[in-house]
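Take a look at the structure set out below.
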Amino acid sequence: MAAGNKKGGENKMEILYENEYIQIRLDIPHNCIEYQWKKHAPPEELKNLMGKVYSYVSVHGCTKLLPDLRNLKKLPDEVLLWTESEWLPLLVKQGVRIYAVVSANSSLSRDTTIKTSKNEFVITTRYFEDVLKARSWLSRL
């Protein structure tokens, strides 16, 4: 179900899309698409929903992404491969440069730079265990 509700308050979020697996929001002041996985989806549905994230990035010209992955299980290898080989390069072509990933896995709390096979700069990524800390980091960039 698509939605266009605006939440009040400082964050100025607009819900762009929501279904049983995901909620996709636009953080207007920070030029960011946030998406929160509610529960694990089958591989083809994961790809379909990530395609929706891409389309909203494209439509709104966002340069930042904040995925909340805490409710996802380990992604199947086919989805990981698709994400790295197809989805991320499309996002980069659309201008995404900052990726604040929220994950329950504290061992991921590090900064990385994702690069293409040609070793070109792609996306600066930081991992967080808390959405508010991720938003705070994004707001400073």
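Would you work out the relative contact order for the range 13-139, in percent, from Cα pairs under 8 angstrom that are 6 or more residues apart?
20 percent
What residues from the range 57-85 fall in the zone where the backbone N is under 15 Å from a label point 7 Å along the Cα-to-C-beta line of residue 137?
64-70
Taking 26 Å as the cut-off for C-alpha to C-alpha distance, list the pairs among 73/93; 12/74; 12/73; 73/133; 64/133 that go past it.
73/93; 12/74; 12/73
For the range 13-139, what is the convex hull volume of the alpha-carbon atoms per residue, in Å³?
Considering the Cα atoms of the range 13-139, their hull volume per residue is 101 Å³.
Bear in mind that the values in this text are calculations on the coordinates, not laboratory data. Note that the structure is predicted; figures quoted are calculated from it, not measured. We place every Cβ from the backbone using ideal geometry, glycine too, and count neighbours over all the protein chains shown.
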